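The values are calculated or read from the model by the stated rules, or taken from the named source; none is laboratory data. Keep in mind that what you see is a predicted model, and the values were worked out from it rather than measured. FYI the Cβ positions are ideal-geometry reconstructions off the backbone, even for glycines, and counts take in every protein chain you see. Ligands, DNA and RNA are excluded from the accessible area calculation, which covers all protein heavy atoms including side chains. Shrake-Rupley method; radii C 1.70, N 1.55, O 1.52, S 1.80 Å.
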2 protein chains.
Amino acid sequence: MSEPLLLGAIEAGGTKFLCAISDRDGATLMQTRIPTTTPDETLGAASAFFADAIARHGALAAFSIGSFGPLSLNPVAGDYGYITSTPKAGWQDVDLLGYFRDTIAAPTALDTDVNCAAVGERLFGSGQGLDTFCYVTVGTGIGVGVLINGAPHGGANHPEAGHIRLPRAPGDDWFAGSCPYHGDCLEGLACGPAMQARWGAPAETLPSDHQAWEIEADYLAGLCATLTYTVRPDRIIIGGGVMQPPMYDRVRRALTQKLAGYDSSMRAIDMADYVAAPTAGASAGLTGALALAYRTATRQWPMHWTMNETTSIEAEAAHA
Amino acid sequence: MSEPLLLGAIEAGGTKFLCAISDRDGATLMQTRIPTTTPDETLGAASAFFADAIARHGALAAFSIGSFGPLSLNPVAGDYGYITSTPKAGWQDVDLLGYFRDTIAAPTALDTDVNCAAVGERLFGSGQGLDTFCYVTVGTGIGVGVLINGAPHGGANHPEAGHIRLPRAPGDDWFAGSCPYHGDCLEGLACGPAMQARWGAPAETLPSDHQAWEIEADYLAGLCATLTYTVRPDRIIIGGGVMQPPMYDRVRRALTQKLAGYDSSMRAIDMADYVAAPTAGASAGLTGALALAYRTATRQWPMHWTMNETTSIEAEAAHA
């Protein structure tokens, strides 16, 4: 275990790119935080960071990115490794993975930000010991990561469960929805910007007895019901800025009503256990991306990593 | 490969139980068809069939059942192997698998009828060569089997995607839905009995220009969109009595509209390839259940089976 194994990873988000290299135990050697502006500027800065890191520490054994999407993850597709039809201005059809091919001569991996965060939750958080679970984040969009048998679910491409359609919640019959593709899909009705557009104020400023929260809980319970009927996870972890603490019980109550006693395996479930908050911290996504790099290099998940080594990444934002 | 490997399986349906034993190549040695009446009567006759088969041919290496559900598939649950909250009268909370434990001293497996049919489609039908796909049947209910990485998806229990909720189709605003648990879930709005209750005539007697078909296509396209966003399969195979030939193009058109160009990997897909009819024949479910028994005995799927050996099961219904 003493041979060096250098790993590089990016958590690519809509507001920032977190970049890091770590050793085989997940201990961070260098890290940086780059604002998400234009692809050339942001990817150029990220590429320069890794060129510098490699000059200082040596070649990477593997490199991976956990990114906002949608992404093209089919290795035989012409646009493999691209960010595709994202609503984020300027970032449509960007060859994200390809941008690093000349800088980084290492095997690469790519997955969604939410699948990487799910991996982080499995290593250190609310997904520990679970084989099949969903990780939902409700913020500027609604993203859903799905781990099946301990690995991120890909299929022909990655899940995009934020874009399912659900019946309108009681009392929500006039808002057209904010998704540029689907209008009133789940994300269009229930992400943070949709709440702000509907109520004229940011979600976090709405009082806890505002009708907005019952409507929001209805939609998120609808998502949980759909995930239950399609993926049948061991747990659904929900986080993101919109998930204020009182929301968890609201979602659990609405989900119980929606399932209506169908399926004995669901009747036996403790809702407080089934719908849970994330606990791996703000760097779960970057940790998961590093873990994906580890798996790319070794064909195994780094189940030996300890949280202390990896959770300081988000806090210490300076480029070492 | 000359050592005998006897396999037993049941396709347990709402109207009939198909029972068979086969050799290691899937060739049927004995078979029978038993009407589904009461659990005691039907399971008693099935049990007697296998006792007779074992007396004639020897002990089984493995035994499996593909059944209507919902089932309890969690091996650590107290009701493992039971049919649970089925709407089928008299069959709630029946210990399906346990009924055979005294008769059949062999490792057993249980999965849904639709997961078994999906295995049959992967061996001989529209799922050949695919790792991740969905098998949907629209008849007296709406069942969805999901194969992920070549194996039936279980999770904490099996999918029940027929019970997702979707927005009402245009023009369908007065029918309350027929699901005893959820009212207007997908099955409650779009299964065969729901169509009959809404229109006052069996689905197959409605003319092809009846508005019923556009409404039905809207719901099934909604199911396909949800499966696309959650499971992201390589293909969705749809069969069952309601899927008359003109329905396929209707569902494909409605699905294209619902996806609305989101996600480049879906834009690149040929809808005629993505939404397809089953082609493994009426015995796909029993073949899949036999294949599940084979996997239980050998830890491998019987990819060497040929269709000729196994597809005569439904046609030759007599007890040999």
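So here's what we get for this one:
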item	result
Residue, nearest to the other protein chains (Cβ to nearest Cβ), within the range A:119-141, restricted to residues that are over 15 Å from residue A:286 (Cα atoms) and open to solvent by less than 10 Å² (accessible area, probe 1.4 Å)	A:132
Test result for residue B:176, touching a strand residue (DSSP E or B) at 6+ places or on another chain (Cβ under 9 Å), more than 10 Å from every other protein chain (Cβ to nearest Cβ) and surrounded by fewer than 21 Cβ atoms within 10 Å (Cβ to Cβ)	yes
Residue in the range A:77-98 that is open to solvent by 10 Å² or more (accessible area, probe 1.4 Å), of a type in the set (Ser, Thr, Tyr) and under 30 Å from residue A:202 (Cβ atoms) present	no
Hey, residue B:234 in contact with a strand residue (DSSP E or B) (Cβ under 6 Å, 6 or more places away or on another chain), surrounded by fewer than 21 Cβ atoms within 10 Å (Cβ to Cβ) and either among the charged types (D, E, K, R) or closer than 22 Å to residue B:121 by Cα (or both) or not	yes
Any hit, the range B:200-207, residues being farther than 29 Å from residue A:132 by Cα and touching a residue at least 24 places away in the same chain (Cβ under 8 Å)	yes
Meets criteria (away from every other protein chain (no Cβ under 14 Å), crowded, with 22+ Cβ neighbours inside 10 Å and part of a helix (DSSP H, G or I)) for residue A:216	yes
Among (1) buried (at least 16 other Cβ atoms within 10 Å of the Cβ); (2) assigned to a loop (DSSP other than H, G, I, E, B); (3) touching a residue at least 24 places away in the same chain (Cβ under 8 Å) - the single one residue A:171 does not satisfy	(1)
Filter result (more than 14 Å from every other protein chain (Cβ to nearest Cβ), out of contact with any Leu (no Cβ under 8 Å at 6 or more places or on another chain), surrounded by fewer than 17 Cβ atoms within 10 Å (Cβ to Cβ) and not charged (D, E, K, R)) within the range A:48-76	A:48, A:51, A:55
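Quick grid of which residues meet (1) part of a helix (DSSP H, G or I); (2) within 29 Å of residue B:221 (Cα to Cα); (3) within 20 Å of the chain's Cα centre (by Cα):
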residue	(1), (2), (3)
A:162	yes, yes, yes
A:166	no, yes, no
A:212	yes, no, no
A:223	yes, yes, yes
A:236	no, yes, yes
A:241	no, no, yes
A:258	yes, yes, no
